[in-house]
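*Asks:* Right, I'll just put the structure down here and ask away after.
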Amino acid sequence: MTASDVRLKLASLGMTVSFCAAVPFSVRLIGTWRQRFFALTDGSEVSNYMLPMGLASMALICCGVIVTWTGFRRGLKSAWFLLFLIAWIFYFPVLVLPYVPADWKAVFEAVLSSSMAREVSLQLVGFLFMLGALALPLKEVFSKRIWDSGSTRM
């Protein structure tokens with residue numbers, strides 16, 4: 001096993017951990033399926049958009065894990081690009097950006113607590129894990145060497 005294979009496997013493992021960190025958030029959103037509407041303070045109601053968002057999140061998580069273990073692990077550029085898009089178009093804006101604190105010290109304190117803030121901070125840690133997993137195999141993914149279709153590189 002070469003160093004290149006080790007980096008690709010570690011990156012795949014890191015990407016999988018990142019996706020698994022997003023599952024509880026999605027499951028909580030899916031758990032709102034019994035409520036069709038949410039009451040607002042002024043007496044009006046708004047549709048439950050959390051259920052579709054949770055289902056879409058789970059679909060993207062499943063796609064991300066499949067791409068990770070079929071293409072990214074082999075160092076395919078298309079798999080890397082797809083995971084890059086998932087990281088920056090789905091994971092960051094949906095799971096991290098709404099909860100980015102003004103004080104980063106609060107993130108580290110939240111990881112040690114047992115509240116909702118802990119789960120939010122774990123999403124941030126998961127995103128950083130995902131960025132690391134995308135950066136780790138850059139040399140292998142974007143090298144000049146072209147692998148033939150009969151390659152056994154796994």
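Bear in mind these aren't lab numbers, they're just calculated from the coordinates by the rules spelled out. Just so it is clear, the model here is predicted, and its values are computed rather than measured. Counting neighbours? That spans all protein chains shown, and the Cβs are built from the backbone with ideal geometry, glycine included.
*Asks:* Starting from the Cα gyration tensor of the range 3-48, multiply each eigenvalue by 5, take the square root, and state the resulting semi-axes largest first in whole Å.
*Replies:* Values: eigenvalues 350, 16, 7 Å².
Value: 42, 9, 6 Å, ordered largest first.
*Asks:* Test of the criteria: in the range 1-110, which trypsin sites (Lys or Arg not before Pro) are in a DSSP loop and have at most 16 other Cβ atoms within 10 angstrom of their Cβ? Don't jump to the answer; show the numbers that get you there.
*Replies:* Values: sites: R7, K9, R28, R34, R36, R73, R74, K77, K105; in loops: R34, R36.
Here the trypsin sites (Lys or Arg not before Pro) that fit, given the DSSP loop and packing criteria, are R34, R36.
*Asks:* So how far apart, in nm, are the two label points at M50 and R36 if each is 7 Å from Cα heading toward Cβ?
*Replies:* Taking the two extended label points, one gets 1.8 nm.
*Asks:* Now for a separate question. Within a 10 angstrom radius of the beta carbon, how do T41, T68, T2, T16 rank from fewest other beta carbons to most? Walk me through the numbers before you get to the answer.
*Replies:* On the way: T41 5, T68 23, T2 9, T16 18.
So the residues, fewest neighbours to most, are T41, T2, T16, T68.
*Asks:* So what is Rg over Rh here for the range 1-98, counting just Cα atoms and using Kirkwood for Rh? Mind showing how you got there, number by number?
*Replies:* Details: Rg = 17.1 Å, Rh = 15.0 Å.
My calculation of the ratio gives 1.14.
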